[in-house]
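*Asks:* The structure follows.
Rule-based calculations on the coordinates, nothing more; no lab input. As the structure is a prediction and not an experimental result, all values here were calculated from the model. Positions of Cβ are backbone-derived with ideal geometry, glycine not excepted, and every protein chain shown enters the neighbour counts.
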Amino acid sequence: MIIVTGASRGLGQAITERLIERGEEVIGLARNTNGLKINAIECDVSDYASVKNASKEVKRMKKQVKAFINAAGVASMNMAVTTDESTVQKLIQTNLVGTIYCCQLFAPIMLRQKQGSFINFSTIAVALALKGESVYAASKAGVESFSRTFAREMADFNVRVNCIAPGPIRTDLLRGITDTQIEKITSQQVIQKQFQKSDVCDLVELLLDEKAASISGQVLNVGGV
């Protein structure tokens, strides 16, 4: 099976739907599972106890976990000096600490299997040092650093760890961001266009394929930097 966090909306939902379409068994993790038409477990990735309970539920299923995709995340586009304390805490706790919790608590399943793959999510804002995204980018830079080192820790067990860092993609995270602002960001990419959720899903499929067996510890920027 494949586990996807943030499965109720945005990229997490799109990835979940794509994987189900290709015949994969998917378990979605989301804070609110009401109305979801997939196999799902209620889980707040920012809360250690919640992630631990979800991992216990998955272990009780006694099924092989092919991959774990950390797609849950929050964003806030503000200058550092105008970002309030609660927003700083939420960004770090959800994006960085949540990713670490999920990797820590679900890795033992893959260690026993001696195979598996983690796909974590960063943002192109890290590589481009985008103005107005300093705290958000900091939380994701932590994800990149953690993923590179975690990949080395998992390598002896045939478990791969990679990051996908999308440019601006129209999801709930970009509410309030104008087309002009998006164009300003995409103009800094190597490929100067706005990509879609389907492009990210394609990259997820690539990283899950056996042909990607040699790829680990990498950050793949959608659009290029």
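*Asks:* What is the distance in Å between the Cα centres of region 8-38 and region 106-131?
*Replies:* About 18 Å separates the Cα centre of region 8-38 from the one of region 106-131.
*Asks:* Taking amide H positions as placed 1.01 Å from N in the peptide plane, with prolines and chain starts having none, which residues 5 or more places from G116, or on another chain, fall under 5 Å of its amide H?
*Replies:* Under 5 Å from the amide H of G116 lie the amide H atoms of R160, each far enough along the sequence or on another chain.
*Asks:* Let me ask something else about it. For the chain, with only Lys/Arg (+1) and Asp/Glu (-1) charged at the beta-carbon, what is the dipole magnitude about the Cα centre, in debye rounded to 20? Provide the component values of the computation, followed by the final result.
*Replies:* Numbers: 26 positive and 22 negative charges, 101 e Å.
Dipole magnitude for the chain comes out near 480 debye.
*Asks:* With each run of n ≥ 4 DSSP H residues scored as -39500 (n - 2.57), what mean residue ellipticity at 222 nm is computed for the chain after dividing by its residue count and rounding to the nearest 500 deg cm²/dmol? It would help to have the intermediate numbers written out before the result.
*Replies:* On the way: 8 runs with 95 residues, N = 225.
-13000 deg cm²/dmol, from helical runs alone.
*Asks:* Rounded to the nearest 0.05, what FRET efficiency do R9 and K211 give with R0 = 30 Å and r taken as the Cβ-Cβ distance? Could you check? Mind showing how you got there, number by number?
*Replies:* Working: r = 30 Å, r/R0 = 1.00.
About 0.50, to the nearest 0.05.
*Asks:* Moving on to the next point. Of [x] 23, 21, 17; [y] 29, 17, 16; [z] 27, 19, 17, which one was derived for semi-axes √(5λ) of the Cα gyration tensor in Å from the structure shown?
*Replies:* [z]
*Asks:* Can you tell me how much longer the chain between D199 and K63 gets when fully stretched, taken as 0.36 nm per residue apart minus their C-alpha distance, in nm with one decimal?
*Replies:* Details: separation 136, 0.36 × 136 = 48.96 nm, distance 2.91 nm.
This chain segment gains 46.1 nm when fully extended.
*Asks:* Taking the Cβ of Q218 as the centre, find all other residues whose Cβ is under 13 Å away and add up their charges (Lys, Arg: +1; Asp, Glu: -1). Before the final figure, lay out each step's value.
*Replies:* Working: positive: R148, R152, R160; negative: E144.
So the environment of Q218 carries a net charge of +2.
*Asks:* Follow-up question, since we're still on this one. Going highest first, how would you order 39-51, 23-35 by mean Cβ packing within 10 Å? Provide the component values of the computation, followed by the final result.
*Replies:* Values: 39-51: 18.8, 23-35: 16.9.
Ranking, from highest mean packing down: 39-51, 23-35.
*Asks:* Same structure again: Which value in nm describes the separation of the simple spin-label points at S86 and K52, placed 7 Å from the Cα toward the beta carbon?
*Replies:* 2.7
*Asks:* What does the charge add up to near K62, with Lys and Arg as +1, Asp and Glu as -1, over the other residues with Cβ less than 15 Å from its Cβ? Spell out each step's value before the answer.
*Replies:* Details: positive: K56, K59, R60, K63, K66, R112; negative: E25, E57.
Residues close to K62 contribute a combined charge of +4.
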